[in-house]
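Working notes, structure below.
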Amino acid sequence: MSSALEFGIDTFGDVTPGPDGQLKSHAQVIRDVVEEGVLADQVGLDFIGIGEHHRPDYAISAPDTVLAAIAAKTERIRVGSAVTVLSSDDPIRVFQRFATIDAISNGRAEVILGRGSFIESFPLFGYDLQQYEELFEEKLDLFMKVREQNPVTWSGSTRRSLKDQDVFPHVENGLLPAWIAVGGSPQSVIRAAGHGLPLMLAIIGGDPLAFKQFTDLYRRALGELGQPVLPVGVHAPGHVAETDEQAFEDSWPLFGKYFSKIAIERGGRAMGEGQFRAQVGADGAYFIGSPETVAKKIVRVVKGLDLDRFDFKYANGPMEHGKLMKSLELYGTKVVPLVREMLA
């Protein structure tokens, strides 16, 4: 674990209700997310990550554009994706967009690359799901070559070849920071190590410490491949309120429906309140509670997995913007200092 543990937040731009109880427009939700990013900067958080989706319950399909708006209104927080679905995007355009954000933010951009937890981008952009693995492998390989900022010569089966092609704009200082996001696949963990990229684990269920098998595998693979020690982070859902009771009351009606909907779409079952309470418990994956409760859970996971960064997914279903802002404020001003104190 790094002595300078970092704290980030993530959102997918969940569509939220307004004061009248009606769902807001996608446009208003995007403006709200920019406001949330500004607050995250003000309360001293290290990173904001915005996910890419192409479905009606999320407002953000172009995270890089929203990140550019946040970058222009903030001073120190790093801005990045969570995640960029590289399989259905163009690696060169991904690099160009985030290199542009890096310029706007004076070097605060980073990109988290993944295959995504949803598949709606594949038919939308004309990609064949039968090539799920091949698309990511080839596009990641091309992205890594472009990231070196030298003329690129590359060939593959998923797009036309390149010969001595330079890509602009260049990043001013070093390489564009990039991570690989993994949901629990050993092959993906080894892929991240092979490319020499930091690992971001998405934990959305079960005991987070069960992921130690993946952090151990990653660090072992880095050593065997001759790679340097690299950061490991975790992305996990949660909500902070003044008390445990208030946090549960805020969360259960929304989180339960949110995760049940996703489970049913994938052939699973709706979540019951008992299951939800288990995930909110001390060894569950939902970081929901008072600042003290959430801080203790973060400390357990940071120590257990030897983490360098914890990214708190603060938006999980149609929670009001005001409650999201309060959760962010408590996370930055109460939870983070408590975690640092407990670790010290």
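Does Arg309 qualify as being out of contact with any Pro (no Cβ under 8 Å at 6 or more places or on another chain) and either of a type outside the set (Asp, Glu) or surrounded by 15 or more Cβ atoms within 10 Å (Cβ to Cβ) (or both)? It is false that Arg309 is out of contact with any Pro (no Cβ under 8 Å at 6 or more places or on another chain) and either of a type outside the set (Asp, Glu) or surrounded by 15 or more Cβ atoms within 10 Å (Cβ to Cβ) (or both). Have a look at Ala270, Ala282 and point out the one that is of a type in the set (Gly, Ala, Ser), touching a Ser or Thr at 6+ places or on another chain (Cβ under 8 Å) and loosely packed, with under 14 Cβ neighbours inside 10 Å. The match here is Ala270.
In the condition set (1) closer than 16 Å to Val336 by Cα; (2) part of a loop (DSSP other than H, G, I, E, B); (3) open to solvent by less than 50 Å² (accessible area, probe 1.4 Å), Ala4 is compliant with all but (3). Of the residues Leu324, Leu338, the single one that is among the aliphatic types (A, V, I, L, M), in contact (Cβ under 8 Å) with a residue 24 or more places away in the chain and surrounded by 20 or more Cβ atoms within 10 Å (Cβ to Cβ) is Leu324.
If the condition is being polar (S, T, N, Q) and under 15 Å from Ala241 (Cα atoms), then the stretch 253-309 contributes Ser290, Thr293. Within the stretch 158-217, the residues that satisfy the criterion of being touching a Gly at 6+ places or on another chain (Cβ under 7 Å), surrounded by fewer than 17 Cβ atoms within 10 Å (Cβ to Cβ) and within 30 Å of Arg277 (Cα to Cα) are Leu209, Lys212.
Listed conditions (1) basic (Lys, Arg); (2) open to solvent by 30 Å² or more (accessible area, probe 1.4 Å); (3) not in a strand (DSSP E or B) are all met by Lys139, apart from (2).
Residue-by-condition table, conditions (1) in contact with a helix residue (DSSP H, G or I) (Cβ under 7 Å, 6 or more places away or on another chain); (2) touching a residue at least 24 places away in the same chain (Cβ under 8 Å); (3) under 17 Å from Phe310 (Cβ atoms); (4) assigned to a helix (DSSP H, G or I):
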{"position": "Gly174", "(1), (2), (3), (4)": "no, no, no, no"}
{"position": "Val189", "(1), (2), (3), (4)": "yes, yes, no, yes"}
{"position": "Ala193", "(1), (2), (3), (4)": "yes, yes, no, yes"}
{"position": "Gly196", "(1), (2), (3), (4)": "no, yes, no, no"}
{"position": "Phe214", "(1), (2), (3), (4)": "yes, yes, yes, yes"}
{"position": "Ala221", "(1), (2), (3), (4)": "yes, yes, no, yes"}
{"position": "Leu230", "(1), (2), (3), (4)": "yes, yes, yes, no"}
{"position": "Gly233", "(1), (2), (3), (4)": "no, yes, yes, no"}
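Kindly evaluate Ser87 against the criterion of being free of Cβ contacts under 8 Å to residues at least 60 places away in the same chain, surrounded by fewer than 19 Cβ atoms within 10 Å (Cβ to Cβ), out of contact with any strand residue (DSSP E or B) (no Cβ under 8 Å at 6 or more places or on another chain) and among the polar types (S, T, N, Q). Answer is no for this residue.
Out of (1) part of a loop (DSSP other than H, G, I, E, B); (2) in contact with a strand residue (DSSP E or B) (Cβ under 8 Å, 6 or more places away or on another chain); (3) at pLDDT 95 or above; (4) not charged (D, E, K, R), what's the single condition that is false for Val339? For Val339, the exception is condition (1). If you go through the stretch 93-128 and keep only what is in a helix (DSSP H, G or I), open to solvent by 20 Å² or more (accessible area, probe 1.4 Å) and farther than 17 Å from Glu172 by Cα, you end up with Arg93, Pro123, Leu124. Does at least one position in the stretch 233-252 carry a residue that is within 21 Å of the chain's Cα centre (by Cα), more than 25 Å from Phe143 (Cβ to Cβ) and hydroxyl-bearing (Ser, Thr, Tyr)? Within the stretch 233-252, one or more residues are within 21 Å of the chain's Cα centre (by Cα), more than 25 Å from Phe143 (Cβ to Cβ) and hydroxyl-bearing (Ser, Thr, Tyr).
Only one entry in Phe255, Phe312 is of a type outside the set (Gly, Ala, Ser), touching a strand residue (DSSP E or B) at 6+ places or on another chain (Cβ under 8 Å) and over 26 Å from Arg78 (Cα atoms), namely Phe255. The residue that is most open to solvent (accessible area, probe 1.4 Å), counting only those in the stretch 241-267 that are β-branched (Val, Ile, Thr) and modelled with pLDDT under 95, is Ile264. Within the span defined as the stretch 48-56, every residue fails to be free of Cβ contacts under 8 Å to residues at least 24 places away in the same chain and either open to solvent by 40 Å² or more (accessible area, probe 1.4 Å) or closer than 18 Å to Gly317 by Cβ (or both).
If the requirement is being over 23 Å from Met144 (Cα atoms), open to solvent by 10 Å² or more (accessible area, probe 1.4 Å), part of a helix (DSSP H, G or I) and touching a Lys or Arg at 6+ places or on another chain (Cβ under 7 Å), which of these qualifies: Asp64, Asp41?
Asp41 is the lone residue from the list that is over 23 Å from Met144 (Cα atoms), open to solvent by 10 Å² or more (accessible area, probe 1.4 Å), part of a helix (DSSP H, G or I) and touching a Lys or Arg at 6+ places or on another chain (Cβ under 7 Å).
The values are calculated or read from the model by the stated rules, or taken from the named source; none is laboratory data. Since the structure is predicted, the reported quantities are computational estimates derived from the model, not experimental observations. In this analysis, Cβ positions are derived from the backbone assuming ideal geometry, glycine residues included, and neighbour counts consider all displayed protein chains. Only protein heavy atoms, including side chains, enter the accessible area calculation; ligands, DNA and RNA are left aside. Shrake-Rupley method; radii C 1.70, N 1.55, O 1.52, S 1.80 Å.
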